[in-house]
Amino acid sequence: MLTEQVIIGTHKVSPDISSAAASEASIAVFDLHTYSQTASFKRSSTAKNCLAVTPSHLFAAQSDKAVLNVYNRSKQNLESTIPFQEKFTVIEASGGSGAFIAGGTDSGRLTIWETATGRFISTPRIHLQKVTCIAFDSTSNFVITGSADSNAYVWSLASLLDIRSSERKQERILDRHQREITAIVPGRIGTGGPMDIVVTASRDLSCIVWDYHTGVHLRTFIFSSVPTALALDPADRAFYAGLEDGTVQCVDLYNAAGSDEANSTTHQLFSEQFRDVPITLPANRWLAYNHESPINSMGVVYEGNYLITGNEKGDVSIWDIATGHVFRTLTQFKAAVTSIKILPPSGFISQTSNAQSTTEQKTIKKPRYDAVLASASTITDLHTYTLTTKFNNPIPEISSSSLAPRTLAQISSFTPSSDMEAIMAGAADMKAYKPSLASKHKTEALETELATLYDHYDRLATLHQKTWDSHARWLLENNGESSNKVDHTGPKS
């Protein structure tokens, strides 16, 4: 049987001691076919965009402290509570297996936590203000962050996880907004073609569509109210904006300029004719009775025919996209709805007999954020990984050498004599390192290369020794001349 579920997160501004509020779930799971609640998770209060979902777990960043609650979805219980050094303002999980949890902080940092190994990476304070929204692209190769400083950054996940470099820099800067970024939604196709888009919303009443691979600005749409939440059509044909006045507006990307060429083979979004001209949208917004509260989160179902929204008042509504009207009210909470996560449908019949089943992650490794600040001497200590190199023709034996790690004080104490000792020790270490290779021509090639290196070291040592001798001789001669000029006649009477 085909099933589709939605996970809803809430935020209680002040504690409610009433019996109805106490029994109400903080995070609830609803079946979108039967409209019934199937699971609930308590003891959590998540701010906007602070709920992340993986196939096996829920991650809820608490709004009042630097703590992340981890819930087991199958057991429906609180599995662990993980403290952090900074409070998260937003979190998101990568697609598929959800192996990575990205988090943004109030200081403007981006953090990446690999839940299977506990590896934890934090960037410098690139954003000038707090991070307000985070999204992974459909391939989970890029992370897009938005901030209150009006900028959105595109990060390469591979570059962030590269243990060979400590530099954490963004790939692209999307900087056309004038005020705080309120929402980010990436395209779902992600095939490397023209549909690799991302839509950003801001408090400057605009939504901008970008090609995030190149950083090219495609279109700017102007709204009559502040867009606070975004959702994209499953085929990237349109996006939906939830506004601060409680209304919803649909933007057709194929016919953005309002022309009659919607069926043209040329995609209107990628036409350069109106790229730098902002498009003011008409006032054909979706309205609903008693639905004036700001919309915090929204999502489109798999079929693309229904839109689910959650607002500040606690209403979770299902909108019929064909008519633009509220189809039904799914539920009403006594707290603000801050997250809407629509899960992929389950129950499809496998098309192949040898289809591999999805392996769920059983345990969550706590982040090793303490190792980031520790002075680890090796890469293995910092990242809990052992680096190995695989060769097509593996080397059978490698003799041991005297290459040993040295501290900074052992390498150089800022004197020529210690530098000379370091150079000679390096040459001795290289001579002691004698690999035994499988073939004769490889041995001869390495011996020739080593002989060249020995010659370079000998020349450098000779030059360094001559420089040191000339410097010492100059000091002795100058000291001798200055001593000969001293007056020994004594003081005059």
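The values are calculated or read from the model by the stated rules, or taken from the named source; none is laboratory data. Computed from a predicted model, the values in this text were never measured in an experiment. We place every Cβ from the backbone using ideal geometry, glycine too, and count neighbours over all the protein chains shown. SASA here: full protein model, heavy atoms, side chains in, ligands and nucleic acids out. Shrake-Rupley method; radii C 1.70, N 1.55, O 1.52, S 1.80 Å.
Working with all protein chains in place, sort 466, 48, 313 by solvent-accessible area computed with a 1.4 Å probe, largest first.
The ranking, largest first, comes out as 466, 313, 48.
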Of the candidates 50, 78, 93, the farthest towards the positive dipole end of region 47-102 (Lys/Arg Cβ +1, Asp/Glu Cβ -1, centred on the Cα centre) is 78
Hey, could you grab the Kirkwood Rh for region 68-221? Inverse mean 1/r over distinct alpha carbon pairs, Å, one decimal. 16.0
Quick one: accessible surface of residue 179, probe radius 1.4 Å, all protein chains present, in square angstrom to the nearest 10. 130
Given a Förster distance of 41 Å, report the FRET efficiency between residue 270 and residue 329 from their Cβ-Cβ distance, rounded to the nearest 0.05. 0.60
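What's the FRET efficiency of residue 363 with residue 214 using the Cβ-Cβ distance as r and R₀ = 30 Å, to the nearest 0.05?
0.15
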Projected label distance in nm at residue 158 and residue 86, using a 7 Å step from Cα toward the beta-carbon: 2.7
So, R0 is 45 Å and r is the distance between the beta-carbons of residue 479 and residue 454; what FRET efficiency does that work out to, to 0.05? 0.75
Debye, to nearest 20: dipole size of region 133-230, +1 on Lys, Arg Cβ, -1 on Asp, Glu Cβ: 80
What nm distance separates the two modelled labels at residue 106 and residue 3, each placed 7 Å from Cα along Cα→Cβ? 3.9
